[in-house]
Amino acid sequence: MSFAMLLTFRLLGFEWEGGGILLDPALQNPKLIDVWTRLEPLPLVVSNPPIIITGLILFGIGHAFVYRWLSRASPAGILARTWRMALLLFFLS
């Protein structure tokens, strides 16, 4: 899930060279574009992406431990466990 979020923001939002929908003047307010590209300090996702990537990996590892802990109390079957974990993450996010 964290990897999908990273790819979504990187591929759709910014693209690899900075031309995604989050930086398109036809779709976004110039103030938002300034925040992502010009105003200092730039967001860490732009200025230092490895920190954000590391954080997403750590969240993914944390979610795996929570899933392992809760899966014992879940009904049998991977589909039921997956839905229970997905709903838990959705509502707690």
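Using the scaling law 2.2 N^0.38 Å as the reference, what is the normalised Cα Rg of region 4-93? Provide the component values of the computation, followed by the final result.
On the way: Rg = 17.7 Å, N = 90, 2.2 N^0.38 = 12.2 Å.
In units of the 2.2 N^0.38 Å rule of thumb, it is 1.45.
Taking K and R as +1 and D and E as -1, what net charge do the other residues with C-beta under 12 Å from the C-beta of Pro30 add up to?
Surrounding charge for Pro30 is 0.
Based on the alpha carbons, how large is the Rg to Rh ratio for region 1-47 when Rh follows Kirkwood?
Across region 1-47, the Cα-based Rg/Rh ratio is 0.98.
Checking understanding here: applying a Kyte-Doolittle mean of at least 0.0 and a length along the axis of at least 20 Å (C-alpha), which whole DSSP H helices in the chain pass?
Sorted by number, the helices that extend far enough and score high enough are 49-71, 78-92.
With a point put 7 Å past each Cα toward its Cβ, work out how far Arg10 is from Ala80 in nm, to one decimal.
Between Arg10 and Ala80, the simple spin-label model gives 3.7 nm.
Test of understanding: what is the full-extension gain from Glu17 to Ala64, defined as 0.36 nm times their sequence separation minus their Cα-Cα distance?
Between Glu17 and Ala64, full extension yields an extra 13.7 nm.
Laboratory data are not the source of any read-out in this text; all were calculated from the coordinates shown. This structure is a prediction, so every number in the text was calculated from the model and none was measured. Counting neighbours? That spans all protein chains shown, and the Cβs are built from the backbone with ideal geometry, glycine included.
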